[in-house]
Amino acid sequence: MSVRPWVVLVALFGALCLVVTIWVSIDRHPPEWDYANHLERALDCHRSLANPAADRFAEIMGISPFYPPFAICAAGILYFAFPVTALTAQAVMLAFLGVGLLAVYGLGRHVADPATGLLAAFFLGTAPFVVFSLLNFQLDLPLTAMVALALYALVRAEAFSRPGWTVGLGLIWGFGLLTKPTFPVYALAPVLWTVGQAAGIGKRRRRFAWLGLAVVIAAAVALPWYGPRLLHLPLLFLNRSFKFAAFEGQAPAFSSTALLYYPTTFSSQFGLLATLCFLGGLLAVRRFRDHRAVLWVAALTPFLLVTLSRNKNLRYSLPALAAAAVVAALGARALPTVARRLAVGACVVLGVLQVTLSAFMLPTLPPVPGLPFPLAISYPPSRADWPHARILEDIARASGGRPVRVSVVPNYATFSVSNFRYEAKRRGLPFTMLRAWGATPLGVDFAIVKTGDLGPDFSIAKARRIMQALEAPGSALARLFPVVAQYPLPDGSRAELRARRIRSPGGVAPKALAARIAETRAGLLPSLIRDAERLRIDLGYRPEAILRGEVDTLTITADAASVGELSRKDRLPLRVHTIRVVLQNVVFDPVEVLERGVLEPLDVGAVSVERLVVMQADLQRVIDDQQQYTRMTIELGDGAAHARVSGLGPRMEARVRVLPGRDRVPIILAVDHARIGWLVVPDPLVHWIASNFDPSPQLARLPVRVLLGPVAIRAGRVEVGGDGR
């Protein structure tokens, strides 16, 4: 018996490895959305580690504002030994599953016996959604493994009386937090219960000393990533849990649809017989006095917490399956001997069936009468030929290999900017992949469009508007972006590659075109500027170039104007005064200027803000318009702004100054003298945290280089380039 459990466990893991290998060898799915984003970040991590000149630690910590780097960089490290392929990435998922199986086995063995541990590992490994997760590079399966490992270490620590396991628990917590920020949702409640338990028994001082050391270790491991994000992570959680879910049209959190989501999908996620064993196990666990409370809390609390969130997805309840698998195994163990043998045999047969159904949709089963849910969540491999590689090769050929900017208009699962961006980076192509543009295709050299289904309704307003503009009779957009190649797609639709081509107008002199531009008022940048006062336009141009749609300099002066993304109804434009802005190397459509009197740049080399004044009242009006969970007030004084934030917890306040930037970042925001309630925050800590809130580095990522004159904060206003008088 001392050898057989490990043989069975290795056989289970080996069978799942074989399934994944076969599936990946068949499948041709482009990675979808988050899957592609995580793969791209893994590639970024690999390249940062491979570059001796890079600031490796800073780059890895900054790979994503929301997702920690542990599981992502595990794939990046694996790329040093194996090629950048789907199988290499999925090997990371398999490795984490192996850790999870070992932890669940160990937990079941410690609570009951080896047979219970094996059944728990089998329940987890054959759960339909676990198999589905093995086929995608997501962070929820690694999180499941870390939750299982943390629960095992917690039980073995015996209320923090065993130093080795308690210290190990701290280390596991540190890496669990570096796997995904939601780790405490699944792992904190059992720890808190155990803390309460430890407080009521002997040797409290010794137990809590070891617990304190575990907390210090966890913080030391996780703080380098979490420290700069401590203030804005709660807002991100709230937005993802409620605001974004509402935008996607998900049911309200306390509606019957939302409250029943996880209970009604649990059987398809975990398995039919495993679910029945789990329900029985919730009763059977009461026999294990030493561990029943921890198992109850670990199995049920996460489901309660994710149910309270409006954002629903089976990925969010996946980590709770680790504790559920142990509870289910204890439920099967509680059956009489004959019934237990029959139940375990049925669970093994159905578990194998769940794996083949989930991975290959085999065998094809008729609907089970009276069963309101499918036996498994299937994700079969596909040999369909998606032409991402051909499209990228055509762009490389048409561009001559030079850096270009490509807009991927649709947001279809297998045909979106995410999978194109990953594929371009994997191939080392110098392309900047962009989403569908807003009002104008500024800085877009090529556009990839698609007929038919463009993606989820909540995400394709821009894509739908672009397609309507391209298909309209006499479309100016279709004239500017003619089709250069077409590709049939597996879903029955058609993809088109469009390249920007500017046509010179006939029968017009350069001087007449320049005069027409100088006379433009309401038609100047209508997507960005409105209500301009005393607007004036001056041009610097070459006669032969202006007919090609090229202007060397375009100088805009005005007494005042409202500026912003005017196409967005959820954003209030900012009123600015005393304006002098110079646009350099402007590319425009001369036909549009002549026919409609509209000048919307298609490309700009640089924007130089030589003079600008923003009044405090106008700035505060825009800040108040932002729909957030907090309220910020700004008071502009000589040399600095005083910011106050209220609405979530104690009031926060700080001083903000504008410092000269460097490279492509024109300014840097310096924050100091911070307080949270009565607590004074040390300036070094403030600088560390505030560096992640500073929006000025985003200016370096714009398609247009931004240059600012000297910036000064005065009483009641911000001035750029002079005193503004």
**Message:** Give the separation of the Cα centroids, region 1-74 to region 699-724, in Å.
**Reply:** 43 Å
**Item:** Residue-wise HN-Hα coupling along region 460-470, computed from phi with Karplus coefficients 6.51, -1.76, 1.60 (Hz; x: Gly, Pro)
**Value:** 10, 4, 5, 4, 5, 5, 5, 5, 5, 5, 5
**Asked** When the dipole is taken about the Cα centre of region 646-710, and only Lys, Arg (+1) and Asp, Glu (-1) are charged at their Cβ, what size is it in debye, to the nearest 20?
**Response** 180 debye
**Complete:** FRET efficiency (residue 675, residue 503; Cβ distance; R0 60 Å; to 0.05) is 0.50
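Take 287, 47 and order them by how many other Cβ atoms sit within 10 Å, fewest up front.
Values: 287 11, 47 15.
The fewest-first ordering by Cβ neighbours comes to 287, 47.
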**Message:** Suppose the chain between residue 385 and residue 260 were pulled fully straight at 0.36 nm per residue; how much longer would it get relative to their current alpha carbon spacing?
**Reply:** 41.2 nm
**Request:** Please give the length that would be gained between residue 659 and residue 520 if that part of the chain were fully extended, namely 0.36 nm times their separation in residues minus their C-alpha to C-alpha distance (nm, one decimal).
**Result:** 46.5 nm
**Asked** Where the centroid of each part is defined by its Cα atoms, how far is region 635-675 from region 75-141 in Å?
**Response** 45 Å
**Cβ-placed point charges (K, R +1; D, E -1), dipole of region 388-499 about Cα centre in debye, nearest 20** = 340 debye
**Request:** Compute the separation of the alpha-carbon centres of region 143-185 and region 200-266 and state it in Å as a whole number.
**Result:** 15 Å
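Sort 642, 38, 29 by Cβ crowding within 10 Å, fewest neighbours at the top.
Ordered by Cβ neighbours within 10 Å, fewest first: 642, 29, 38.
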**Item:** the chain: radius of gyration over Cα atoms, expressed as a fraction of 2.2 N^0.38 Å
**Value:** 1.10
**Message:** Among 676, 707, 532, which residue has its Cα furthest toward the positive end of the charge dipole of region 510-720, with +1 on Lys/Arg Cβ and -1 on Asp/Glu Cβ?
**Reply:** 676
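Using the Cα centre of region 358-446 as the reference point, and only Cβ charges (+1 on K/R, -1 on D/E), how large is the resulting charge dipole? Debye, rounded to the nearest 20.
Dipole about the Cα centre, nearest 20: 280 debye.
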**Request:** Can you pull the one-decimal nm distance between simple spin-label points at residue 248 and residue 668, each 7 Å off the Cα toward Cβ?
**Result:** 3.8 nm
**Asked** Between residue 707 and residue 283, what is the spin-label point distance in nm, taking each point 7 Å from the Cα along the Cα→C-beta axis?
**Response** 7.9 nm
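Do you know the relative contact order of region 578-706, to the nearest whole percent, from alpha carbon pairs under 8 angstrom that are 6+ apart? List each step's numbers first, then the result.
Details: 202 pairs, mean separation 22.2, N = 129.
With pairs under 8 Å counted, the relative contact order is 17 percent.
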**Message:** At a threshold of 8 angstrom on Cα-Cα distance, excluding pairs fewer than six apart, so keeping six or more, what relative contact order does the chain reach in percent?
**Reply:** 10 percent
**Message:** Using the Karplus curve 6.51 cos²θ - 1.76 cosθ + 1.60 with θ = phi - 60°, what ³J(HN,Hα) values do you get for each residue of region 553-568, in whole Hz, with x for Gly and Pro?
**Reply:** 9, 10, 9, 10, 10, 6, 6, 6, 6, 9, 10, x, 7, 5, 6, 8
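Let me have the 222 nm mean residue ellipticity of the chain computed from DSSP H runs of 4+ only, each contributing -39500 (n - 2.57), with the sum over all residues rounded to the nearest 500.
Numbers: 29 runs with 346 residues, N = 725.
Here the helix-only value at 222 nm equals -15000 deg cm²/dmol.
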**Prompt:** Taking R0 as 30 Å, what's the FRET efficiency between residue 638 and residue 687 from their Cβ-Cβ distance, rounded to 0.05?
**Reply:** 0.85
**45, 17 arranged by Cβ crowding within 10 Å, fewest neighbours leading** = 17, 45
**Item:** Residue-span extension gain [residue 479 to residue 349] - 0.36 nm each, minus C-alpha spacing
**Value:** 40.7 nm
**Item:** Gyration tensor verdict on region 510-720 (Cα atoms; rounded if a/c is under 1.5, prolate if a/b is larger than b/c, oblate otherwise)
**Value:** prolate
**Fill in**
For residue 188 and residue 472, extending 7 Å from Cα along the Cα-Cβ vector and measuring point to point gives, in nm, a value of 5.0 nm
**Prompt:** Say R0 is 25 Å: what FRET efficiency, to the nearest 0.05, do residue 300 and residue 340 get from their beta-carbon distance?
**Reply:** 0.55
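Coordinate-derived values only; no laboratory data. Keep in mind that this is a model prediction, so the values were computed, not measured. So basically every Cβ, Gly included, is an ideal-geometry build from the backbone, and we count neighbours across all protein chains shown.
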